[in-house]
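Quick one: the structure is below, and I'll ask about it shortly.
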Amino acid sequence: MAIPIEFLRGVLGLLSVVCGYMAGRTIVALRRGWQKPSRLYGWIIRLTLCLVAVAIRHPVDIVDIAVWAVTAAAFSAALWDTSRKKESEDLTHTIFPPDR
C-alpha cells in the first residue's frame, strides 16, 4: 500500500508551519534569556529540512509558494505573540464570589 507523494508533501508542509511557529517563539525566548541557542538551532534545522523536502521532488510550484508563505506568516505571528506582554487574569472573584 503506497502513500501518495502529494500527501507526504502536505504533511511536510504542515510540519514546516509548526517548525516555523516554534522557531519564532524560540527567537523571542532566546532574546529574553529563557532558552539556550541550541534549541533555536534545532528548530531552524528542522524548518529548513521540511521546506527543502517539500520542494525537492518537483519544480517550484504553487504548493511550495503557499507553504513558504504560510510558514512565514506563522513565524511572524509567533514572534509578535510571544513578544507581547501578557496581563495575568485575576480570577479571585470568579472562584471565590463575594458573600452577600
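Test Leu79 against the criterion of being under 30 Å from Leu8 (Cβ atoms) and free of Cβ contacts under 8 Å to residues at least 24 places away in the same chain, and give yes or no.
It is false that Leu79 is under 30 Å from Leu8 (Cβ atoms) and free of Cβ contacts under 8 Å to residues at least 24 places away in the same chain.
Taking region 31-65 as the search range and keeping residues that are small (Gly, Ala, Ser) and part of a helix (DSSP H, G or I), which one is farthest from the chain's Cα centre (by Cα)? Write out each step before concluding.
Of all residues in region 31-65, those small (Gly, Ala, Ser) come to 33, 38, 42, 53, 55.
Imposing the further condition that a residue be part of a helix (DSSP H, G or I) reduces the set to 38, 42, 53, 55.
Working: Ser38: 17, Gly42: 13, Ala53: 17, Ala55: 19 Å.
Across region 31-65, the extreme among qualifying residues is Ala55.
How many residues does region 7-39 hold that are of a type in the set (D, E, K, R) and either loosely packed, with under 11 Cβ neighbours inside 10 Å or closer than 13 Å to Val52 by Cα (or both)?
Matching residues across region 7-39 total 2.
Further, regarding this structure: Six or more apart or on different chains, Cβ under 7 Å: which pairs go from a residue in region 21-34 that's within 19 Å of Val70 (Cβ to Cβ) to one that's at pLDDT 90 or above and aromatic (Phe, Trp, Tyr)? Could you list them?
Tyr21/Phe75; Met22/Trp43; Ala23/Trp43; Ala23/Phe75; Gly24/Phe75; Thr26/Trp43
Residues of region 71-88 being more than 14 Å from Arg32 (Cα to Cα) and among the aliphatic types (A, V, I, L, M), which ones?
Correct list: Ala72, Ala73, Ala74, Ala77, Ala78.
For region 40-65, give me each residue that is touching a helix residue (DSSP H, G or I) at 6+ places or on another chain (Cβ under 8 Å) and either exposed (fewer than 14 other Cβ atoms within 10 Å of the Cβ) or touching a residue at least 40 places away in the same chain (Cβ under 8 Å) (or both).
Ala53, Val54, Arg57, His58, Val63
Could you list all residues from region 73-90 that are of a type in the set (Val, Ile, Thr) and more than 14 Å from the chain's Cα centre (by Cα)?
none
The values are calculated or read from the model by the stated rules, or taken from the named source; none is laboratory data. Predicted model, so just to flag it, every value in this text is computed and none were measured. Note that we place each Cβ from the backbone using ideal geometry, even for glycine, and neighbour counts take in every protein chain shown.
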